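Each remark here refers to the structure printed beneath this line.
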Amino acid sequence: MIAGHYGLAAGVKNWAPRLPLWALMLSTFFLDVVFIFMYVAGIEYITPADPAHPSGYGSGLIHAYYTHSLVGALAIAALVGWVASRWWGRRGGIVIAAVVFSHWILDLVVHRPDLPILPGNAGNLPLLGFGLWETPILSAAIELALVLGGAWLYYRSALRLPSPPNASASHRRNVLAASGVTTALLLLLLASDVLGL
Ligand SMILES: [Zn+2]
């Protein structure tokens, strides 16, 4: 779901044009950034959902019981939003926190049931996940829609930023080039994810 997360960030740029795209991109992926550290520390890990198909698109059961628990994700989102509000004000902080948490919502849709409610899966409550990865075509199609929708909204928001007078033709060209490069990178990311590269 990597490309889908980033596509959402590009789309949010439309509603929060003052927030830099890198901050939105980082926010949408932030839970996985923390996951990488937890993974290196050996606290969180991935196992194949089906031992017969150990690798490839959406093939893992992700034991991210802290970063991807509902309460853990909310706490991380609140913390990142608070830090972001120092730079981009209260509203910017709220948008960033929402984008950080949106990662969990998208993961909830695609993951097999492996997302706990409480950190460390305390109390052994049921694990959550609608398991869209079981149908790779459908989840890849949803990611594609997020990337293309996000790219379109990003293009529109970028066009609205102030441009020097009499520079509208070259401004349009620059905006088109920037959105085009972003979209191409996201599509590449999606393709490599689906092909399991
Ligand atoms: Zn994740």
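The values are calculated or read from the model by the stated rules, or taken from the named source; none is laboratory data. All values reported here derive from a predicted model rather than from experimental measurement. Don't worry about glycine lacking a Cβ; one is built from the backbone with ideal geometry, like all the others, and counts go over all protein chains shown.
Selection of helices (runs of 4 or more DSSP H) fully inside the stretch 1-118 by the criterion of at least 1 residues being more than 23 Å from I142 (Cβ to Cβ) and of a type in the set (A, V, I, L, M, F, W, C) returns 21-28, 30-40, 70-110.
Quick check on the stretch 150-160. Is at least one of its residues on the phi > 0 side of the Ramachandran plot and at pLDDT below 80? So far as the stretch 150-160 goes, no, none of its residues is on the phi > 0 side of the Ramachandran plot and at pLDDT below 80. Regarding S139, is this residue surrounded by 15 or more Cβ atoms within 10 Å (Cβ to Cβ), touching a Ser or Thr at 6+ places or on another chain (Cβ under 8 Å) and under 30 Å from L21 (Cβ atoms)? So S139 fails the test.
Say whether the condition of being outside any loop (DSSP other than H, G, I, E, B), buried (at least 19 other Cβ atoms within 10 Å of the Cβ) and charged (D, E, K, R) is met by at least one residue in the stretch 148-156. Checked against the condition, which is being outside any loop (DSSP other than H, G, I, E, B), buried (at least 19 other Cβ atoms within 10 Å of the Cβ) and charged (D, E, K, R), the stretch 148-156 yields no hits at all. Mind checking which pairs have a first residue in the stretch 57-86 that is more than 14 Å from D32 (Cβ to Cβ) and without any contact (Cβ under 8 Å) to a residue 12 or more places away in the chain and a second that is among the β-branched types (V, I, T) and surrounded by fewer than 21 Cβ atoms within 10 Å (Cβ to Cβ), Cβ under 9 Å, 6 or more apart or different chains? Between residues of the stretch 57-86 that are more than 14 Å from D32 (Cβ to Cβ) and without any contact (Cβ under 8 Å) to a residue 12 or more places away in the chain and residues that are among the β-branched types (V, I, T) and surrounded by fewer than 21 Cβ atoms within 10 Å (Cβ to Cβ), the close pairs are S85/I94. Yes or no: L188 modelled with pLDDT of 80 or more, under 19 Å from the mean Cα position of the chain (by Cα) and not in a loop (DSSP other than H, G, I, E, B)? Judged against the criteria, L188 is a match.
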